[in-house]
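K.L.:
Sharing a structure with you now.
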Amino acid sequence: MRNCENIELHPIAHIENGFVDKFGIPRQSRDSSVIESRIVFEPEYRNPDAIRGIEGYSHLWLIWQFEEALENLTVRPPRLGGNVRMGVFATRSPFRPNPLGLTSVRLLRVEEGPVLVVSGADLLNGTPIFDIKPYLSYSDSHPDAVNGFAEETKDYRLEVVFPENAETGKCENEKMLNEIREILSQDPRPAYQDDPERIYKLDYADYKVSFKVNKGKIYVLNITKSDRK
């Protein structure tokens, strides 16, 4: 076995987006996402030569770092109610022996910097990225793949309702409202919480969102500007 003790990983970039708190981050990346993220390279990799040709690809793989690792060999997947244990390597839980994440994103455009603008990322703002690789449809896509126990929740979505009396006046940005709607539709609550009277609070970008969940629908109560520095 190769000795890996002396191998060090160095971030090549970090991500910038509105996910300022773990609550609300999508559990999986979504190709159809309306939420944009920016991949900003670290100074030593801030060279156009490093991404020469990347604009020819529609999707990319990101290898990145979770905040924490876990040595348990079983985890409780949220979509199974949080009370069923599965093997860590049979899930995509963020709690893993090594804090490494793998995400596919859609490349929207390349901006000066260089900066890569992508959609579908499920990374917290500021997350270090260790590597970027092109996604190849002829080798990375498997249309006949079997999804195991994740199959029953793959299309899980809730209807998001903005009641007439919802206080959303401080968020007049239609793009931002669409992003908030997408985040809420994926039901950010832990699966074991199902109290229709409970008010949940979510931080996204410069806004705080309060909402309730009742009978398969999310009702937005208010959206206010955050006082976070």
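Each value in this text was obtained by applying a stated rule to the coordinates, not by laboratory testing. Computed from a predicted model, the values in this text were never measured in an experiment. Every residue, glycine as well, gets a Cβ built from its backbone with ideal geometry; the counts of neighbours run over all protein chains shown.
K.L.:
Identify all residues within the stretch 12-27 that are surrounded by fewer than 19 Cβ atoms within 10 Å (Cβ to Cβ) and within 22 Å of Asn47 (Cα to Cα); write none if there are none.
P.N.:
Passing the criteria: Ile12, His14, Glu16.
K.L.:
Moving on. Tally the residues that are surrounded by 12 or more Cβ atoms within 10 Å (Cβ to Cβ) and either in contact with a Phe, Trp or Tyr (Cβ under 7 Å, 6 or more places away or on another chain) or farther than 23 Å from Lys201 by Cβ (or both), restricting the search to the stretch 32-47.
P.N.:
8
K.L.:
Assuming Val110 fulfils every condition listed in (1) within 21 Å of Ala205 (Cα to Cα); (2) in contact with an Asp or Glu (Cβ under 6 Å, 6 or more places away or on another chain) apart from one, which condition is it?
P.N.:
Failing condition for Val110: (1).
K.L.:
If the Cβ limit is 6 Å and pairs must be 6+ apart or interchain, which residue in the stretch 82-103 that is at positive phi pairs with which residue that is hydrophobic (A, V, I, L, M, F, W, C)?
P.N.:
Gly82/Ala191
K.L.:
Is the stretch 52-66 home to any residue that is surrounded by 14 or more Cβ atoms within 10 Å (Cβ to Cβ), touching a residue at least 24 places away in the same chain (Cβ under 8 Å), within 13 Å of the chain's Cα centre (by Cα) and within 23 Å of Leu158 (Cα to Cα)?
P.N.:
Among the residues of the stretch 52-66, not one is surrounded by 14 or more Cβ atoms within 10 Å (Cβ to Cβ), touching a residue at least 24 places away in the same chain (Cβ under 8 Å), within 13 Å of the chain's Cα centre (by Cα) and within 23 Å of Leu158 (Cα to Cα), which makes the answer no.
K.L.:
Which count do you get for residues in the stretch 178-229 that are crowded, with 18+ Cβ neighbours inside 10 Å and part of a helix (DSSP H, G or I)?
P.N.:
Final tally of qualifying residues: 4.
K.L.:
Collect the residues in the stretch 80-98 that are surrounded by 15 or more Cβ atoms within 10 Å (Cβ to Cβ) and more than 13 Å from the chain's Cα centre (by Cα), keeping them in residue-number order.
P.N.:
The answer is Leu80, Met86, Val88, Thr91, Phe95, Arg96.
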